[in-house]
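Worksheet: the structure to be examined is printed underneath.
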Amino acid sequence: MSNLSIFVEQPDIQERFKKVLGKNSQAFIASMVNVASNNNHLVNAEPMSIVNACMISATLGLSIDPNIGQAYIIPYGKKAQFQIGYKGLIDLCQRTGMYKTINVEPVYEGEFRGIDRLTGEIKFDWIQDNNRRKSLKQVGTVAYFELKTGFKKSLYMTYEELMAHATKYSKSYSRADSIWKTD
């Protein structure tokens, strides 16, 4: 039995999760123990840091199962931290009922045409043939959302800008097993 398995049996820990999750608390706690035991890096993290990171996810109503991709518990040395996944962000957005469209799309060579500096509108010339498109080099990614109120926002980042962002902000970027290196 792992340290976390023993730790989460404490009545105060059980009660914390029960207050947030009600009858689903035991299933979430089992998922937390499973996630921690199946991650070689999390095995050495302080149990309370794992509980605190998981509590954030529980409070937001997001799954910590890595296969679902809503939230992740990431070890940084002996401390575990909550990290929302893009599927978790989408889920939270959908729950508001305010979003008309949310999308992220790879951009391939020849598709990006520029940005109107005044309006911020990004111009693309999308290649419709998916086979031809996928044979080209991906040069960036565009994210877009539109609210039901009509407000729209988009962001385009080149591959180089994405890598610079990862280098600056991702604590796991330099690790060989980082998603930045494996995916």
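The values are calculated or read from the model by the stated rules, or taken from the named source; none is laboratory data. All values reported here derive from a predicted model rather than from experimental measurement. All Cβ positions, glycine included, derive from the backbone under ideal geometry; neighbour counts span all protein chains shown. Remember, those area values only see protein heavy atoms, side chains included, never the ligands or the DNA or RNA. Shrake-Rupley method; radii C 1.70, N 1.55, O 1.52, S 1.80 Å.
If you go through the range 84-115 and pick out every residue that is part of a loop (DSSP other than H, G, I, E, B) and at pLDDT below 95, you end up with 1.
Report, by residue number, each residue of the range 129-163 that is assigned to a strand (DSSP E or B), open to solvent by less than 90 Å² (accessible area, probe 1.4 Å) and among the aliphatic types (A, V, I, L, M). Hits for the range 129-163 are Val139, Val142, Ala143, Leu147, Met157.
Tell me, please, whether a residue that is assigned to a loop (DSSP other than H, G, I, E, B) and open to solvent by less than 80 Å² (accessible area, probe 1.4 Å) can be found in the range 15-36. For the range 15-36, residues assigned to a loop (DSSP other than H, G, I, E, B) and open to solvent by less than 80 Å² (accessible area, probe 1.4 Å): absent.
Is it the case, given these coordinates, that Gln81 is part of a helix (DSSP H, G or I) and either surrounded by fewer than 16 Cβ atoms within 10 Å (Cβ to Cβ) or touching a Ser or Thr at 6+ places or on another chain (Cβ under 8 Å) (or both)?
Values: part of a helix (DSSP H, G or I): no; either surrounded by fewer than 16 Cβ atoms within 10 Å (Cβ to Cβ) or touching a Ser or Thr at 6+ places or on another chain (Cβ under 8 Å) (or both): yes.
It is false that Gln81 is part of a helix (DSSP H, G or I) and either surrounded by fewer than 16 Cβ atoms within 10 Å (Cβ to Cβ) or touching a Ser or Thr at 6+ places or on another chain (Cβ under 8 Å) (or both).
What is the residue count in the range 7-36 for residues that are in contact (Cβ under 8 Å) with a residue 24 or more places away in the chain and not polar (S, T, N, Q)? Summing the residues that are in contact (Cβ under 8 Å) with a residue 24 or more places away in the chain and not polar (S, T, N, Q) in the range 7-36 gives 12.
Might you let me know whether the range 49-58 holds any residue that is over 20 Å from Gly85 (Cβ atoms) and not basic (Lys, Arg)? Don't jump to the end; show me each part of the working.
Within the range 49-58, the subset over 20 Å from Gly85 (Cβ atoms) is none.
No: the range 49-58 contains no residue that is over 20 Å from Gly85 (Cβ atoms) and not basic (Lys, Arg).
Which pairs turn up if I take residues in the range 172-183 that are more than 14 Å from Asn39 (Cβ to Cβ) and look for partners that are surrounded by fewer than 13 Cβ atoms within 10 Å (Cβ to Cβ) with beta carbon separation below 6 Å, at least 6 apart in sequence or on another chain? So the pair list comes out as Tyr173/Thr167. When Cys93 is tested against (1) out of contact with any strand residue (DSSP E or B) (no Cβ under 8 Å at 6 or more places or on another chain); (2) in contact (Cβ under 8 Å) with a residue 40 or more places away in the chain, exactly one condition is not met: (1).
Taken over the range 5-14, the criterion of being open to solvent by 10 Å² or more (accessible area, probe 1.4 Å) and assigned to a helix (DSSP H, G or I) is satisfied by Ser5, Ile6, Phe7, Pro11, Asp12, Gln14. What are the residues in the range 37-69 that are in contact (Cβ under 8 Å) with a residue 40 or more places away in the chain and surrounded by 15 or more Cβ atoms within 10 Å (Cβ to Cβ), if any? Across the range 37-69, the qualifying residues are Pro47, Ile50, Val51, Ala58.
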